[in-house]
Amino acid sequence: MIIMNKAATTEEISGVVNDLKNHGLAADVSTGEIRTVIGIIGDESLISATHLETLPGVKEVRLIETPYKLINREYSTLFDGKTESRAVKVGGVTIGNCEPVFMAGPCAIESKGQLMRIAEEVKGAGADILRGGVFKPRTSVHSFQGLGSSEEGAEQALKWLREAGDKFDMPVITEVRGESHVEIVAKYADILQIGSRNMYNQDLLTKVARAGKPVLLKRHFGASIEEFLSFAEYIAASGNKDIILCERGVLPVGRGKSYTRYVLDLQAVPVLQKETYLPTVVDPSHAAGRRDLIVPMSIAAIGAGASGLEIEVHYNAKEARCDGQQMITAGELRFIIECCKKVNKTVRDFREEKT
Ligand code: PEP
Ligand code: MN
């Protein structure tokens with residue numbers, strides 16, 4: 001991190017950026033209330049701190065030890081002097097302020113009627129953002145692949161998603177499974193989701209980041225928190241800091257039956273909040289893989305400080321073509337939202353009292 005003098009001029013700032021370019025490096029320029037800080041993007045061994053410190057306007061060069069630097073909470077304190085989290089705004093919804101945000105909808109969009117009905121129901125239950133999968137990551141090629149498996153189906157489903165979002169006044173989120181989907185998804189969706197299986201796909205991360213829309217990155221089920229943040233850094237390094245992190249469960253341990261699809265790592269929520277200024281949400285649906293755990297795990301996630309939840313909802317779980325076993329009804333969603341708002345308030349009031 002190159003910390004500029006408080007009085008550094010725009011010429012001095014671009015001088016540093018050009019010097020980095022000449023060394024084959026890119027720059028992340030952040031100007032905050034206190035000063036400008038320039039993050040180096042690329043192989044730092046290509047340049048020396050001693051050289052950088054001789055450049056006009058440079059106060060000091062500081063090493064951030066973690067492999068993620070641009071999304072490190074320490075970075076924002078350098079130019080803003082603030083330790084507050086950075087909220088992501090999408091439409092009229094803010095993810096990462098005091099109120100939790102609820103994203104809900106079907107696992108997969110199956111038909112216009114199905115999507116419209118679920119959209120109306122989740123809106124009625126208090127949801128803020130509509131989810132719906134078009135390009136589905138599926139383990140078996142013999143399962144329903146989502147309407148995205150054909151070109152016409154994909155665009156049709158994305159149009160319905162947009163229409164449902166507009167009709168019920170909710171921003172919409174859907175997954176980008178491959179690089180070839182980025183353009184079409186960015187045309188219709190407000191938030192681009194990168195699924196768990198793709199967390200390590202750095203080319204996809206870079207391409208999605210450049211679409212210029214907020215990105216929700218799901219933690220890979222085998223990834224450490226450090227890896228998760230290191231891959232989120234790829235999005236930030238492509239010039240997009242509107243990143244929402246999503247904990248969705250890690251692989252279970254042991255040889256016997258685990259009784260759940262994954263293990264929801266709720267410790268990750270406060271740890272991520274300590275390490276980065278990005279908001280973290282939790283997906284209890286894919287973590288549990290069973291509907292009876294969605295209510296308790298949602299409440300626990302908000303209790304742990306999550307900025308929101310992503311939950312799968314269907315009016316007829318038996319009929320759902322994908323993940324029926326973990327679908328809850330809009331009635332259950334309403335209960336979750338009401339409970340979570342109370343839990344959030346209690347936890348926040350308690351924290352304020354203590355500080
Ligand atoms: C999803 O949210 O639709 C999904 C497939 O989740 P994950 O990538 O976490 O498995
Ligand atoms: Mn699903």
task = With a Förster radius of 45 Å, plug the Cβ-Cβ distance of LEU55 and VAL271 into 1/(1 + (r/R0)^6) and report the FRET value to the nearest 0.05.
result = 0.80
ask   = Can you give the accessible area per residue of the chain, in Å², using a 1.4 Å probe?
value = 44
request  = With a length cut of 15 Å (Cα positions projected on each helix's long axis) and a Kyte-Doolittle mean of at least -1.0, go through the chain and give me the DSSP H helices that pass.
outcome  = 10-22, 112-125, 225-237, 330-354
ask   = Can you give me the relative contact order of segment 2-63 as a percent, contacts being Cα pairs under 8 Å and 6 or more apart?
value = 46
query = What FRET efficiency would be calculated for the residue pair THR77, GLN202, taking the C-beta separation as r and a Förster radius of 35 Å, to the nearest 0.05?
reply = 0.80
message = Restricted to Cα positions, what overall size does segment 2-63 have along the principal axes? Three whole-Å values, descending.
response = 29, 22, 19
message = Taking amide H atoms as placed 1.01 Å from N in the peptide plane, list the residues 5 or more away in sequence, or in a different chain, whose amide H sits under 5 Å from that of GLN193.
response = THR174, GLU175, VAL176, LEU216
ask   = Say each of SER45 and CYS339 gets a label point 7 Å from the Cα, pointing the same way as Cα to Cβ; how far apart are those two points in nm?
value = 5.2
task = Sequence neighbours fewer than 8 away in the same chain don't count; with that in mind, list the lysines whose C-alpha is under 16 Å from LYS274.
result = LYS69, LYS82
message = Can you tell me the length gained on complete extension of the stretch SER143 to THR31, counting 0.36 nm per residue apart and subtracting the Cα distance?
response = 35.4 nm
Loop-located trypsin sites (Lys or Arg not before Pro) in segment 212-251 whose Cβ has at most 13 other Cβ within 10 Å (DSSP) = none
request  = Could you pull out every Cys in the chain that lacks a partner Cys with its beta carbon under 4.7 Å away?
outcome  = CYS98, CYS246, CYS339, CYS340
ask   = For segment 88-354, which whole-number percentage of the solvent-accessible area (1.4 Å probe, protein heavy atoms only) is attributable to carbon and sulfur atoms?
value = 50
Point-charge dipole on Cβ atoms (K/R +1, D/E -1) for segment 88-354, about Cα centre, debye to 20 = 400
key: Ranked packing of 257-268, 331-342, most packed first, by mean Cβ within 10 Å   = 331-342, 257-268
query = Seen from all sides and averaged, what is the projected area of the convex hull of the Cα atoms in the chain, in nm²?
reply = 19.3
inquiry  = I'd like to compare 185-197, 110-122, 276-288: which one has the highest average count of other Cβ atoms within 10 Å, and what's the full order after that?
reply    = 276-288, 185-197, 110-122
When each of LYS241/LYS318; LYS89/LYS218; LYS59/LYS207 is checked by Cα-Cα distance, pairs over 29 Å = LYS241/LYS318; LYS59/LYS207
inquiry  = As an exercise, identify the GluC sites (Glu not before Pro) in segment 1-40 lying in DSSP coil whose Cβ has no more than 12 other Cβ atoms within 10 Å.
reply    = GLU33
key: Centre separation in Å (Cα based) which lies between segment 298-318 and segment 99-160   = 16
inquiry  = Below 15 angstrom from the Cβ of GLY15, what's the summed charge of the other residues (Lys, Arg +1; Asp, Glu -1)?
reply    = -2
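The values are calculated or read from the model by the stated rules, or taken from the named source; none is laboratory data. Quick caveat, the model's predicted, so the values are computed rather than measured. Every residue, glycine as well, gets a Cβ built from its backbone with ideal geometry; the counts of neighbours run over all protein chains shown. The accessibility values were calculated without ligands, DNA or RNA, using every heavy atom of the protein model including side chains. Shrake-Rupley method; radii C 1.70, N 1.55, O 1.52, S 1.80 Å.
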